[in-house]
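Heads up: the structure comes next, in structure tokens.
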Amino acid sequence: MKIAFIGLGNMGAPMARNLAAAGHEVTGFDTAGTSAEGVTAAGSAIEAVSGAEIVITMLPSGAILRAVADEILPAIAPGAVLLDCSTVDVDSARDVAALAQARGLGALDAPVSGGIGGAAAGTLTFMVGGSDDAFARAAPLFEIMGQKAVHCGPSGNGQAAKICNNMILGVTMIATCEAFALADKLGLSREAMFDVVSTSSGYSWSMNAYCPAPGVGPASPADNDYTPGFAAELMLKDLGLSQQAATAADADTPMGARALELYRSFVEDENGRGKDFSAMLPRFESRRRD
Ligand code: NAD
């Protein structure tokens, strides 16, 4: 298949490389000039999409996705599928899909879970919004780049699933960190805390698979001085998207709102930038009154 890949950053480059390694003809473009093994570098986004049957985007934000879509949509061959794998706001996903469909293109929003490791290993999970036809056409590519693709409904529903999942993740990570900090003060060892909670009703992915306490549980960024993993600023971005969606949909999400406030303070005022999102634990070790 002839594939264009726009946005060859931390996630996009290994995803594009895996598609090329599987035998697809991949042409890539990134404004930073990055490329990926096996991928032909184009001089512009318009050049990259010329003749492509699938156009994949993996970009930082909804605003950038909208700008790139405005630029490339007129240059994409009718009948091709625009497959956006970025994490963006639901409105941008729906608007871009509508513009693509108006030009006779298929459109899917397919944000991912699994991070840089999953992108490199081809084990991402895709949460997909869009038509059955477009989903069926992209399915062979999901199989190369990932281990699972869930069709969540019409356009925008992939982004909806992603931001709801990550709102739960942010809230449970904070709850897990503050429970460890409380347990410390109550004289409970971190090992005992992990052993109890990971097999009791307080368990979660944050505790069991990504424990924020160093030296406890399976290996996690906490064991590597909180080097990401999943950076705190990416969690801040996703919590911002879920609150934006909650406001637009008039949904009541007080824990998500509080998690956004805490991650904003952590990233902007407490040297959290560049650290893993589980690095919240040391932040709770001394009591604050904010
Ligand atoms: P990144 O910043 O490493 O990559 C984004 C790339 O897009 C950069 O290389 C940048 O130069 C390029 N770019 C920006 N504007 C462009 C334009 N107009 N045309 C072409 N290229 C352009 O980010 P990333 O970590 O690869 O994340 C990409 C997306 O995946 C984001 O939406 C992020 O939220 C999401 N995501 C990231 C992770 C993760 O762990 N990194 C996990 C899940 C989802």
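What does the charge count around Thr227 come to, taking other residues whose C-beta lies under 9 Å from its C-beta (Lys +1, Arg +1, Asp -1, Glu -1)? Provide the component values of the computation, followed by the final result.
On the way: positive: Lys275; negative: Asp225, Asp276.
Residues close to Thr227 contribute a combined charge of -1.
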- Message: Using a 7 Å offset from Cα along Cα-Cβ at Glu53, what residues in the range 102-128 end up with backbone N under 19 Å from the label point?
- Response: 104-108
- Item | Nearest-0.05 FRET efficiency for Tyr203 and Thr123, computed from C-beta distance (R0 30 Å) | 0.85
- Query: Cα axis of helix 232-249 to longest principal axis of the chain: angle in degrees, 0 to 90, nearest 10?
  - Reply: 80
- Item | Backbone HN-Hα couplings from phi across the range 134-140 [Karplus 6.51/-1.76/1.60, Hz, Gly and Pro as x] | 5, 4, 5, 6, 8, 3, x
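How do Lys185, Lys148 line up, fewest other C-beta atoms within 10 Å first? Can you show the working numbers first?
On the way: Lys185 9, Lys148 13.
Starting with the residue having the fewest Cβ neighbours, the order is Lys185, Lys148.
With an 8 Å cut-off on Cα pairs and a minimum separation of 6 or more residues, tell me the relative contact order of the chain in percent.
Worked out over the chain, it gives 12 percent.
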- Taking Thr87, Thr27 and counting other C-beta atoms within 10 Å, the order from fewest to most: Thr27, Thr87
- Item | Qualifying GluC sites (Glu not before Pro) for the range 2-78 [loop in DSSP, other Cβ within 10 Å: at most 14] | Glu37
- Amide H of Lys148: which non-local residues (sequence gap of 5 or more, or other chain) have their own amide H closer than 5 Å, using H built in the peptide plane? Phe126
- Item | Cut-off under 5 Å, modelled amide H: who pairs with Phe5 long-range | Thr27, Gly28, Phe29, Ile56
- Where Lys and Arg each count +1 and Asp and Glu each count -1, what net charge lies around Leu73 among other residues with Cβ under 11 Å from its Cβ? 0
- Residues with amide H under 5 Å of Leu82's amide H, sequence separation 5 or more or different chain, H placed in the peptide plane at 1.01 Å from N; which? Val55, Gly106, Ala107, Leu108
- Query: Short version: ³J(HN,Hα) in whole Hz for each residue of the range 59-69, in order, from phi by Karplus 6.51 cos²θ - 1.76 cosθ + 1.60 (θ = phi - 60°), x for Gly and Pro, what are they?
  - Reply: 10, x, 8, x, 5, 5, 4, 4, 5, 5, 4
- Glu191-Ala219 pseudo-label distance in nm [points 7 Å out on the Cα-to-Cβ vector]: 2.0
- Treating the angle as unsigned and between 0 and 90°, give the value, to the nearest 10°, between the Cα long axis of helix 12-21 and the longest Cα principal axis of the chain. 60
- For the range 90-241, what relative contact order do you get, as a whole percent, if you take Cα pairs closer than 8 Å and at least 6 residues apart? 18
- Item | In order through the range 273-281: 3J(HN,Hα) via Karplus (6.51 cos²θ - 1.76 cosθ + 1.60), integer Hz, x for Gly, Pro | 4, x, 9, 5, 5, 7, 6, 4, 4
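Need the full-extension length gain, Met255 to Asp269, defined as separation in residues times 0.36 nm minus the C-alpha distance. One decimal, nm.
On the way: separation 14, 0.36 × 14 = 5.04 nm, distance 2.06 nm.
Gain on stretching Met255 to Asp269: 3.0 nm.
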- Which shape class applies to the range 1-141: rounded if a/c is under 1.5, otherwise prolate when a/b exceeds b/c and oblate if not, where a ≥ b ≥ c are the square roots of the Cα gyration tensor eigenvalues? rounded
- 222 nm mean residue ellipticity, helices alone, for the chain (DSSP H n ≥ 4; -39,500 (n - 2.57); rounded to 500): -14500 deg cm²/dmol
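Values in this text are rule-based calculations from the coordinates and carry no lab data. Predicted, not measured: the structure shown is a model, and the values here were computed from it. Every residue, glycine among them, receives a Cβ derived from its backbone with ideal geometry; neighbour counts consider all protein chains shown.
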